[in-house]
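The structure appears right after this line, and notes come after that.
The values are calculated or read from the model by the stated rules, or taken from the named source; none is laboratory data. Given the structure is predicted, the values throughout are model-derived calculations rather than measurements. Accessible surface is based on the protein model in full, side chains and every heavy atom, while ligands, DNA and RNA are left aside. Shrake-Rupley method; radii C 1.70, N 1.55, O 1.52, S 1.80 Å.
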Amino acid sequence: MTFLNPAILWALAAISIPILIHIFNLKRTKKVEISTLMFLKEIQQSKYKRIKLKQLLILLCRIAFITAIVLMFAIPFDSGYLGSAGEKARSSVLIILDDSFSMQARDANGSNLDNAKRKIIETLDILDQNDEVFFTTVSGINRLERPMLFKDIAELRDTLNTLKTSDITKDLNTVLYFSGEILKSASNTNREIYYFTDAQKSTIENLSLIQNTSLNDPNTKFNFVLIGSRDANNISVDTVNTVSKIFEKNKSVKLKAVVNNHNNFNVTNKSVMLSFGSTKDEKVIDIPANSSVDVEFTFVPSVTGYAGGVIELSQSEITDDEISSDNRQYFELYIPRKVSLLLVSNSPGDIAYIDLAISSSEDLMTDSLGRKSTYFDVRKISSNELSNQDLASYNSIVIVNKAGFTEAESQKIKKYIDDGGGVIIYPGSSVSADTYNSTLLKNLGLPFIAGRFTSGDGNNSLVFDKVDLEHPVFEGVFKKGTGEKKFNLESPKIRSGLDLSTGEKSISPVKLNNGKNFMVEYSKGKGKLIMFSVSPDMNESDY
């Protein structure tokens, strides 16, 4: 007889506990005061043997219970385990190897992956030659088109020798589901599944789907074979977030990476490196035990289109970081060569200041030879042409002073935003809140406009009160101040405007000193809608 988990047999020492309790109870005496000794001899003769037998049976039951529990976890095997002692019943056996990167952890016997391979070979040695053997790794368990039935055990041994850890991991729900799918092609009624794993928390939590798998067959037995006696020391790069939201060629981009120390001790002088094309940067950080540190990188992309990079933690000492597969995170940016912009207005005068802003930005964008760089590819149309446009061909749409929207226009804008488009709307001074609420905002499912507001005093104008300067729209807009004042914040003078409302999935980056929203950003589907309370002209403000 052999065991798949022989290390658990040390727990048989627990058998000594009920034995000690039994011996202790024999030695313990209890003084009882009684009024007569007439029947004492009769009690001793008739009851004493029965009491001793009962105590002995209790002792044996306790020992048997502990032994059964320990042997169950040790998973014993003998030559007849998968069948009878005579004509052995054939079985279909599925062996699953956890090849996630946590299996790189090591102990005195080597890595968890190597230890699991040895355990699998021991399991193969005790199987009957007539047994049907399936094998898969966790990373490939969902690739059902790949051959998993091994008729030649020598071929399976060769496959094991070449396996390495993978960046792909799957939870136990997924493993159970695809195990059932694999065994649907099994030819034998008796079925065994052996899952060789280090049982990381990420693989065994949230097991709500087990009852929905096909493993509820009473002829299928699922066995865990636990590998590894310790948690590996590990440091990881968990996420990369783009702080900058607007990407342009030759304009700074800021990224933030989260580096996590999973160890119970502090680590120091860890090198985190950024690579993006020809750009290289390095930060050196210290990370306290069981905590994370944000690492920021700023670089200037010199290319357009899709471009990728990597943030990587240098694995200098294996005593701090035994698992290397989670030491890097890749990222990709799309840097447009040009922005295709659709301007919608009633007349050229409505967008005069927008035209001026676009031409000014092009004057600022010059190459090394002083030549102007055209960043925007602008198409201008009148308001009544909106319904005829293919909106998907534009990166952004700006709508100015449009009195209202038809049902068809509203549905078209809704689909454009849901698919990831960006729309900016400047309602004009003559726009009625009801016309926007009844069609556009209703179809988009956005908060309705409450009405209009005025400054209330012809001599005083409303100004900006609160501005979220971290919002991507304002990146590079305001000049940096001096001393305690971080920015020199200028504000237009506003006389009247629409009373915009906020709600779920919306923010107001700019508020006026009367508490009204000057600018509201609504998130819808994959895209966004930005609406201003005033138009970009001199009718309601000097904006």
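Side notes on the structure shown:
- Which of 279, 123 is most accessible, then next, and so on - probe 1.4 Å: 279, 123
- What the Cα convex hull of the range 238-348 gives, in volume per residue, is 118 Å³.
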